[in-house]
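To keep things clear, I will list the structure first and then write my remarks on it.
The values are calculated or read from the model by the stated rules, or taken from the named source; none is laboratory data. All of these numbers come straight from a predicted model, not from anything done at the bench. So basically every Cβ, Gly included, is an ideal-geometry build from the backbone, and we count neighbours across all protein chains shown. For accessibility, only protein heavy atoms count, side chains too; no ligands or nucleic acids. Shrake-Rupley method; radii C 1.70, N 1.55, O 1.52, S 1.80 Å.
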Amino acid sequence: MSLSLSVEQPETPAEATDGVWLECIECGETFAPFEDVRYTCDECDGLLEVRYDELPTFDDFDGEGVWRYADALPFESGVSIQEGSTPLYEVPRLEESVGVETLRIKHEGMNPTGSFKDRGMTVGVAVARELGVDRLACASTGNTSAALAAYGTRADMETLVLLPAGKVAAGKVAQASLHGARILEVDGNFDACLDVVQDLASRGEAYLLNSLNPFRLEGQKTIGLEIVEAFQADHGTWPDRIVLPVGNAGNTSALYKAFRELVQAGELAVDEVPKLTGVQAEGAAPMVEAIENDADEVRRWEDVETRATAIRIGNPVNAPKALPGIRETGGTAIAVSDEEITDAQRALAGEGIGVEPASAASLAGLRKLRAEGVVDDDERVVCLTTGHLLKDPDAAAAAGNDPEPVPADTDGVLESLASEGSSE
Ligand code: F0G
């Protein structure tokens, strides 16, 4: 693998358009960015990355949201619904109970459609428009489909989403539906949906907007840029570690790229790069398996299961980008049980931060790594929470207090209040 934290700025190839080109991470082949539709390398089928002839410094960033970072993106502006600029919450009680020097929560559920996917779509749909395609498609565990539907319709394009039947949280299906996507419920898991949609894309039936699409990851880089800017402003330094849930490993790859570019631009020293720490559910943990076995490749898990349906994924397509990201930053990966995920979801909710189960995996993983002594008590940590509580109302209701039936009179209400409240 050719990725490295200390890569030199490459020479601009003839294929570049306005200083932007695509490069294969395996064989280094370069391609024009917006002439033909392509998701992987023509020569070796490796994953592609977007490259720039000039990398910005912090002084170049201006404005709000994802497009504050336009100089780190392929365009000046995109198809926007005001994504990005999400909060980096302080959580003093959790910080104390986890036992780290600093703990902050980057809540991506505060994006327009309630997940980080909006950051990728604002860029990806703009590229689709540049390429002149008319139908957009994705496979999804739910959040990508909600974001694609919203950004696609905003750009006045047709959207098609393939979902694993019965395994997508209610809020997400409702979003894709109301934003006007054509929803196909597939008799198979997410990985099977992605196989089909990749096939459709390669036959020219639709433009693929899963995280295999390198332009989407450009938008998602801005999570890392926001974290380091906000953390630096508040604490005068960078976080030591970023803990995040892992499904297809798109975010892990995107954060790694954000930090590599900051290193290349001279803004961050190699030893200042936050340790990327991935968390998966025990029932869907192929990346954890690869990290634990020090393997170069990730083994596809055919049978996956977890309450955190957003990360119910057995074949993380971005693994070739994400594995070096975890290793070269000195990070690690860990699996957590569904019970640990729900406990962490309740703990976050107890600080007023409402997240869906997959998001809570980050805190669950941090707690476990802290208990195992992998994370030290003097670390400054950011946990990424990727989606909003309302995405999965059933999971939230199951984890929270039950409503209590009471009569419609004050005495009856007071009588109920005097009795033991029900919890869970
Ligand atoms: N958290 C949430 C809430 C997600 O929806 C996803 C992925 C992840 C984490 C994992 O992120 O793939 O970058 O490692 N959801 C995709 C979807 C697969 O279809 O919505 P990753």
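Of the residues making up region 202-217, one or more are in contact with a helix residue (DSSP H, G or I) (Cβ under 8 Å, 6 or more places away or on another chain), under 20 Å from ARG327 (Cα atoms) and not aromatic (Phe, Trp, Tyr).
Going residue by residue through region 374-391, is there one that turns out to be part of a helix (DSSP H, G or I), open to solvent by 70 Å² or more (accessible area, probe 1.4 Å) and away from the ligand (no atom under 15 Å from the Cβ)? Taking every residue of region 374-391 in turn, none turns out to be part of a helix (DSSP H, G or I), open to solvent by 70 Å² or more (accessible area, probe 1.4 Å) and away from the ligand (no atom under 15 Å from the Cβ). If you check PRO56 against the conditions, is it within 29 Å of ARG380 (Cβ to Cβ), assigned to a loop (DSSP other than H, G, I, E, B) and open to solvent by less than 20 Å² (accessible area, probe 1.4 Å)? Criteria met by PRO56. Looking across region 235-253 at every residue that is in a helix (DSSP H, G or I) and within 12 Å of the ligand (Cβ to nearest atom), the one that is surrounded by the fewest Cβ atoms within 10 Å (Cβ to Cβ) is identified as GLY250. Here GLY325, GLY331, GLY354 are screened, and the one residue that is in the same structural domain as ILE227 (by TED's automatic domain parsing), within 12 Å of the ligand (Cβ to nearest atom) and under 18 Å from the mean Cα position of the chain (by Cα) is GLY325.
Mind counting the residues in region 92-113 that are assigned to a loop (DSSP other than H, G, I, E, B) and closer than 18 Å to PRO357 by Cβ? So the answer is 2. Among the residues that make up region 256-264, is at least one of them within 12 Å of the ligand (Cβ to nearest atom), buried (at least 20 other Cβ atoms within 10 Å of the Cβ) and either among the basic types (Lys, Arg) or not in a strand (DSSP E or B) (or both)? Looking for residues that are within 12 Å of the ligand (Cβ to nearest atom), buried (at least 20 other Cβ atoms within 10 Å of the Cβ) and either among the basic types (Lys, Arg) or not in a strand (DSSP E or B) (or both), one finds at least one in region 256-264, hence yes. One residue stands out among those in region 211-234 that are among the small types (Gly, Ala, Ser), part of a helix (DSSP H, G or I) and in contact (Cβ under 8 Å) with a residue 24 or more places away in the chain: the one that is farthest from LYS368 (Cα to Cα), which is GLY219. Filtering region 192-210 to residues that are part of a loop (DSSP other than H, G, I, E, B) and either among the aliphatic types (A, V, I, L, M) or open to solvent by less than 10 Å² (accessible area, probe 1.4 Å) (or both) leaves ALA206, LEU209, ASN210.
Residues are listed down the side, and each one gets a yes or a no for (1) touching a Gly at 6+ places or on another chain (Cβ under 7 Å); (2) open to solvent by 10 Å² or more (accessible area, probe 1.4 Å); (3) part of a helix (DSSP H, G or I); (4) assigned by TED's automatic domain parsing to the domain that holds ASN189:
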site: VAL123; (1), (2), (3), (4): yes, no, yes, yes
site: VAL127; (1), (2), (3), (4): no, no, yes, yes
site: GLU130; (1), (2), (3), (4): no, yes, yes, yes
site: LEU136; (1), (2), (3), (4): yes, no, no, yes
site: ALA149; (1), (2), (3), (4): yes, no, yes, yes
site: ASP156; (1), (2), (3), (4): no, yes, no, yes
site: VAL161; (1), (2), (3), (4): no, no, no, yes
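Looking at GLU8, GLU15, GLU43, GLU26, just one residue is more than 18 Å from ASN210 (Cα to Cα), in contact (Cβ under 8 Å) with a residue 12 or more places away in the chain, loosely packed, with under 12 Cβ neighbours inside 10 Å and of a type in the set (D, E, K, R), and that residue is GLU8.
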